[in-house]
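For reference, the structure discussed in these notes is given below.
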Amino acid sequence: PPPASEYNYTYVIGGPGGVIQAYEPGPDLTGYPPGTYTVCGLSYLIAQEGDIPPPNGSLTIAQLSSQLNSSQPPFCGKITSNCVNVTINPNPENVEESQTICAPQCYEFYNQTYCQSGTYVRNFTQNGCPYTATLYLTVLQPSFSTITETICPDGCAQTPGFENVCGPGSYQETFMNEAGCDSIVTLNAIVMSIQANIVQPVPQIPCNLS
């Protein structure tokens, strides 16, 4: 084996088509954008380090390896054959969703059911990369109101929605309010009691009325 003091080791990073992107002292691709890369080891003579061709946008790992194996290599070195393919996945975008529903409805968010107002955060991974999904949920409650109406005997209520109420009692109907949720209205119907009051004694009516 060659003297270790005369040789150094680095890594060749290849991008699409095996085009050389850079030489790295360690196989760390943290700063690289998403994509597919090939990482190969390169042993070279330290004295000829300046002869290593810089990435020019076209030179591939395979071409450099062939040059080093030729009878007239550009420098003394060798690229290992056991290269590693690495895929860097893009970070998935975080998800935010706002919803408004009416009770007693519930909302399903990423296979989880929510029935109360609040902010719900879920943690997920996609291709090994983390992201969060946040739900802003507003649950509107039904509204309640009570109306009292006095109706005449043999008459019916005049309150909209209760036109068929023609007797005393408490009646309830469900409508839709401005928010699109249930509006529960209770009508208390009272039938007026009519009494004829005659003054006693009854005064006589004179006959000379003109």
Among the residues of the range 120-134, what is the count of those that are in a strand (DSSP E or B), farther than 27 Å from residue 179 by Cα, of a type outside the set (Val, Ile, Thr) and open to solvent by 40 Å² or more (accessible area, probe 1.4 Å)? 5
Please enumerate the residues belonging to the range 104-119 that are farther than 30 Å from residue 34 by Cα, open to solvent by less than 90 Å² (accessible area, probe 1.4 Å) and not in a loop (DSSP other than H, G, I, E, B). 107, 112, 113, 114, 118, 119
Within the range 10-56, which residues are within 18 Å of residue 74 (Cβ to Cβ) and open to solvent by 80 Å² or more (accessible area, probe 1.4 Å)? 47, 49, 51, 54, 56
Anything in the range 156-199 that is assigned to a strand (DSSP E or B) and aliphatic (A, V, I, L, M)? List them, or say none. 176, 184, 185, 187, 189, 190, 191
Report every pair of residues separated by at least 6 positions or lying on different chains whose Cβ atoms are under 9 Å apart, first residue within the range 142-155 and in a loop (DSSP other than H, G, I, E, B), second surrounded by 11 or more Cβ atoms within 10 Å (Cβ to Cβ) and of a type in the set (D, E, K, R). 142/182
State all residues of the range 94-113 that are out of contact with any strand residue (DSSP E or B) (no Cβ under 7 Å at 6 or more places or on another chain) and of a type outside the set (S, T, N, Q); if no residue qualifies, say none. 104, 108
Selection over the range 156-187 where residues are hydroxyl-bearing (Ser, Thr, Tyr) and touching a residue at least 40 places away in the same chain (Cβ under 8 Å) yields a count of 2
Among the residues that make up the range 58-69, is at least one of them in contact with a Cys (Cβ under 9 Å, 6 or more places away or on another chain), under 30 Å from residue 183 (Cα atoms) and of a type outside the set (Ser, Thr, Tyr)? no
Could you list, ordered by first residue, the pairs with Cβ atoms under 8 Å in which the first is in the range 62-80 and closer than 21 Å to residue 39 by Cβ and touching a residue at least 40 places away in the same chain (Cβ under 8 Å) and the second is assigned to a loop (DSSP other than H, G, I, E, B) and open to solvent by less than 60 Å² (accessible area, probe 1.4 Å), at least 6 apart or interchain? 64/53
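The values are calculated or read from the model by the stated rules, or taken from the named source; none is laboratory data. Please read these numbers as outputs of a predicted model, since none were measured by experiment. When we count neighbours, we look across all protein chains shown, and the Cβ atoms used for this are built from the backbone with ideal geometry, even at glycine. Side chains are part of the model used for accessible areas, which takes the heavy atoms of the whole protein and leaves out ligands, DNA and RNA. Shrake-Rupley method; radii C 1.70, N 1.55, O 1.52, S 1.80 Å.
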